[in-house]
Amino acid sequence: MAAAAVCRRLGKLGFGNNNASTIRRGFSSAHSHGFPLDRNLLNPVRGCRGNSDLVKETGNHVFLVDTLALARRLEARGLPLDQAEAITAVITEVLNDSLENVAQSVVSKTEMEKNEMIQETNLCKFKSEIQSKQEHHFSLLQREAEKMENVIDKTTEKMQNDIDKTRTDLRHEIDKVNAGQRLDWNLEKGRIRDELTQQKADTTHLENKLDRETHALRAQLEAAKYDVTKYFVATSFSLCAVGLAVVRIFL
């Protein structure tokens, strides 16, 4: 990957396709023959670790390799001096760019601590907001519960008063009905008693009348019996007298 970046950078600097191909083959050959440009040389981080004693600073650029030794090695491999120096400069620039990219992509410890503090602050703020909202919501629920409890107490008291009033009215109505029924019953008893007394008086009157009529009939029967007996005796005497007269006539 670093070799491809180097070839692209050399193309931008004016090296032809043939030179770029030559350089690519040179990298491949160097790698196959044990050339010192290993992965640590082309890797910014590993280069920093493996060649820390070769790091040099020139202005704002940091050289991760010994450029002079690298140029001499490239020249020893058959490359012209100007091309070797150009390749060394390009490799150094590519490594520096890679290191800058890595440094930009990696978050520093200070920034991490700052972000952690910001997150902790936001978390504490969020917790405080949640706790405040919970307390506010709990207070609202408590007020609503107290309000509902007051409403329930008032409703219960009103219902109890209504029940007591209804019970009193019902008892009054029951007493009134019982009193009315008792009065009606007493009136009915008096009416029945009067009717019984009247019926008894009528019965007594009828009995007396019947007794009088019975005595009168008995007296009439006695009188008729006496009359019949009297007429029978008179008739008997008359017949006897007529019989005696007839007997005397024929005798």
Revision key, fill the gap. The exposure ranking of Ile249, Ile174, Ile91, fewest beta-carbon neighbours within 10 Å first, is Ile249, Ile174, Ile91
Practice item. Could you tell me the distance between the Cα centroids of the range 72-127 and the range 196-226, to the nearest Å? Key: 155
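Within 14 Å, Cβ to Cβ, of Lys127, how many net charges do the neighbouring residues add up to if Lys/Arg are +1 and Asp/Glu are -1?
-1
Only the coordinates and a few stated rules stand behind these numbers; no lab work does. In this text, all values refer to a predicted model and were calculated from it rather than measured experimentally. With ideal geometry, Cβ positions are generated from the backbone for all residues, glycine too; neighbour counts draw on all protein chains shown.
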